[in-house]
Amino acid sequence: NKDINYIYDIFLNQYNNPNMVIRDIKVLQQAIHRSGKRMRIIAKPTDTNEAVVEKDIHPRPPPLKSQLKPRPPVVTVMGHIDHGKTTLLDALRNSRVVDQEFGGITQHIGAFSVSLNSGAQITFLDTPGHAAFSAMRSRGANLTDIVVLVVAADDGVMEQTVESIKMARHAKVPILVAINKIDSPKADLARTEKMLVEVGIQVENLGGDVQAIPISALKRQNLDQLTEALVLQADLLEIGADPTGPVEAVVVESKVHPFRGKLCTVVIQRGTLKKGDILVAGTSMAKVRALKNDAGKVLHTVSPGYPVEIEGWKELPSAGEQVLQVGTEKRAREVLKFREEEESQMKMKSDAEVIAEKEQQHEVEYKEKLALKRQLGRYKVKREGPRKPEISKDDDGPPSLNIIIKADVDGTLEAILDTIDTYDSQDCKMELVHYGVGSISENDIELAETFQGIIYAFNVEVPPNLKESIKTTSIKHFNVIYKLVDDIKEEINARLPAKE
Ligand code: GDP
């Protein structure tokens, strides 16, 4: 097989040893990765019969410089609210529609391309504002090549202007400034430029290297200058992509259409997309049924840098998710199955963490509650000297059961106390003489003997040196709460006068 030989070559190239045996599956995976071929490894390790399969799919390693072809830059418009981002995007979209043959009705699909008179192309993401930008970034998608920072000349640099600058800088995306609303009577270009410099944007007019184009989005003034500046910037960046091999793209937006089903707009990053291709994005897959641009025009192939709306998704992918092409639908289903399993495992893990945290919190609360109960003297222990059992057998009053409870931890003790707390019968009085955490002490035995009580020991022992001193006291051991409580109930029943 040609592919296998190719991968073997890469492998040899790296290790330079024709006698080397591939023992580590990872080494082979790396070689395949480097080759850019989409292959699965099905190997039988010598000690098991289980096949080892590369279960997930990943983007290819970056292409070589020689493989790059020019592509349109992808531009995001950012800036303070009301400074004119939406107006600018509308103006750019509409300026284009006039020149094009199709009907002139465009739809918001999340991105659109503009053809310039020079023949150059620019792709704009048309969800303005930094929410969309950061949603993408949070998924690791670095789609934007250039940020157009819109600053209204009548308002100057505002809070969100500064935030946008920070985001662009953080993402290492170059900024181009559009000073908007120059038609406004209150426009002050010089002041706006000065403000920009103050926040670190060195505009060209003031000796810096950031292009700042004065425009009016509303009056459509200087839009050509803005787009030309973008092309210039793109040239400086030497933007390029590899249009061959399996497709890689990023989801910009997705939605459900009443007739066309689940749609999602992607911008192609690598490879050339066509109808019939099989894609996976997160835990959704598509067999591409139709490709359309924002003017509803059917496209047959889409190359890097261009946006396209894809029909044929089984589930809706999310914005920022990576789209990868696979060979067959079977392979796509395998990848999804693997990813779903991973996802549910991650969820289980995080659920377990939440539960552990809650349990810990619970324990703290228990301790606090117990301390409070002690303070309030709800279970006031009459420790000062022995006292007489409240009811003796020759009394006329109801019989009573005197108990002492010792448990290994506060939490269990509290649970036992809570349960017996609900007991309130007049037929047999239950008296909690003493309770505590820790092993049985001399004091416990003394109390029990004085009050003719029963010691309930939960997960605690009688120290060997005390075993001798136990005379009449009954000590009952338990390690299950309900069994302990059941036993108390039985003791109470045994004391109740027989019914006639
Ligand atoms: P966004 O919040 O940044 O998307 O701002 P919009 O595009 O919604 O614009 C806010 C307001 O500014 C709207 O009333 C626009 O008509 C107005 N506006 C936008 N661009 C210009 C412009 O170039 N000149 C003037 N005078 N007003 C503009």
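The values are calculated or read from the model by the stated rules, or taken from the named source; none is laboratory data. Keep in mind that what you see is a predicted model, and the values were worked out from it rather than measured. Because the Cβ atoms are built from the backbone with ideal geometry, glycine has one as well, and the counts that use them run over all protein chains shown. Heads up: the accessible areas ignore ligands, DNA and RNA and are worked out on the full protein's heavy atoms, side chains in. Shrake-Rupley method; radii C 1.70, N 1.55, O 1.52, S 1.80 Å.
Within segment 315-344, how many residues turn out to be within 15 Å of the chain's Cα centre (by Cα), surrounded by fewer than 16 Cβ atoms within 10 Å (Cβ to Cβ) and modelled with pLDDT of 90 or more?
Final tally of qualifying residues: 1.
What are the residue pairs meeting all of these: first residue in segment 299-315, first residue under 10 Å from Ser113 (Cβ atoms), second residue among the basic types (Lys, Arg) and surrounded by 18 or more Cβ atoms within 10 Å (Cβ to Cβ), Cβ atoms under 8 Å, and 6 or more apart or on different chains?
Gly305/Arg71; Tyr306/Arg71; Val308/Lys292
Can you tell which of Leu226, Leu232 is part of a helix (DSSP H, G or I), under 40 Å from the mean Cα position of the chain (by Cα) and within 16 Å of the ligand (Cβ to nearest atom)?
Working: Leu232 fails: within 16 Å of the ligand (Cβ to nearest atom).
Answer to the check: Leu226.
Looking only at segment 199-221, which residues are in a loop (DSSP other than H, G, I, E, B) and within 16 Å of the ligand (Cβ to nearest atom)?
Those that are in a loop (DSSP other than H, G, I, E, B) and within 16 Å of the ligand (Cβ to nearest atom): Ile215, Ala217, Leu218, Lys219, Arg220.
Which members of segment 252-283 meet the condition of being closer than 15 Å to His58 by Cα and open to solvent by less than 50 Å² (accessible area, probe 1.4 Å)?
Arg270, Gly271, Ile278, Leu279, Val280, Ala281, Gly282, Thr283
Quick grid of which residues meet (1) open to solvent by 50 Å² or more (accessible area, probe 1.4 Å); (2) assigned to a helix (DSSP H, G or I); (3) within 15 Å of the ligand (Cβ to nearest atom):
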position	(1), (2), (3)
Met136	no, yes, no
Leu143	no, no, no
Val148	no, no, yes
Val157	no, no, yes
Glu163	yes, yes, yes
Lys166	yes, yes, no
Arg169	yes, yes, no
Val173	no, no, no
Leu176	no, no, no
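Among the residues of segment 480-496, are any in contact with a Lys or Arg (Cβ under 8 Å, 6 or more places away or on another chain) and surrounded by fewer than 17 Cβ atoms within 10 Å (Cβ to Cβ)?
yes
If we keep just the residues of segment 448-500 that are among the polar types (S, T, N, Q) and over 49 Å from the mean Cα position of the chain (by Cα), which is nearest to Gly411 (Cα to Cα)?
Filtering segment 448-500 for residues that are among the polar types (S, T, N, Q) and over 49 Å from the mean Cα position of the chain (by Cα), the one nearest to Gly411 (Cα to Cα) comes out as Ser474.
Specify which of the listed residues (Ala187, Ala249) is over 15 Å from Val75 (Cβ atoms), open to solvent by less than 80 Å² (accessible area, probe 1.4 Å) and part of a loop (DSSP other than H, G, I, E, B).
After ruling out the rest, the residue left standing is Ala187.
Quick one: count up the residues across segment 423-482 that are part of a loop (DSSP other than H, G, I, E, B) and acidic (Asp, Glu). Step through it out loud before you land on a result.
Step one: filter segment 423-482 for residues part of a loop (DSSP other than H, G, I, E, B), giving 423-428, 438-441, 452-453, 459-463, 468-473, 479-480.
From the residues that got through so far, the ones that are acidic (Asp, Glu) too are 424, 427, 461, 468.
Matching residues across segment 423-482 total 4.
Looking only at segment 403-425, filter to residues that are open to solvent by less than 10 Å² (accessible area, probe 1.4 Å) and more than 45 Å from the chain's Cα centre (by Cα); which one of those is farthest from Thr450 (Cα to Cα)?
Among them, the one singled out is Ile405.
Here are some residues: Gly276, Gly305, Gly312. Which one is of a type in the set (Gly, Ala, Ser) and under 30 Å from Val231 (Cα atoms)? Before you say what the answer is, go through the steps one by one.
On the way: Gly276 fails: under 30 Å from Val231 (Cα atoms); Gly312 fails: under 30 Å from Val231 (Cα atoms).
Testing whether each residue is of a type in the set (Gly, Ala, Ser) and under 30 Å from Val231 (Cα atoms) leaves just Gly305.
Identify, please: which residue in segment 429-461 is in contact with a helix residue (DSSP H, G or I) (Cβ under 8 Å, 6 or more places away or on another chain) and among the aliphatic types (A, V, I, L, M) and is, among those, most open to solvent (accessible area, probe 1.4 Å)? Please lay out each step first, then the result.
Here is the first cut: in segment 429-461, the residues in contact with a helix residue (DSSP H, G or I) (Cβ under 8 Å, 6 or more places away or on another chain) are 430-437, 440-442, 445, 453-456, 458-459.
Now restrict to residues that are among the aliphatic types (A, V, I, L, M): 430, 432-433, 437, 440, 445, 454-455.
On the way: Met430: 45, Leu432: 31, Val433: 5, Val437: 67, Ile440: 2, Ile445: 6, Ile454: 12, Ile455: 0 Å².
It comes out as Val437.
Do you know which of the residues in segment 30-88 that are at pLDDT below 75 and open to solvent by 100 Å² or more (accessible area, probe 1.4 Å) is nearest to Ile146 (Cα to Cα)?
Step by step, filter segment 30-88, then rank; the result is Arg34.
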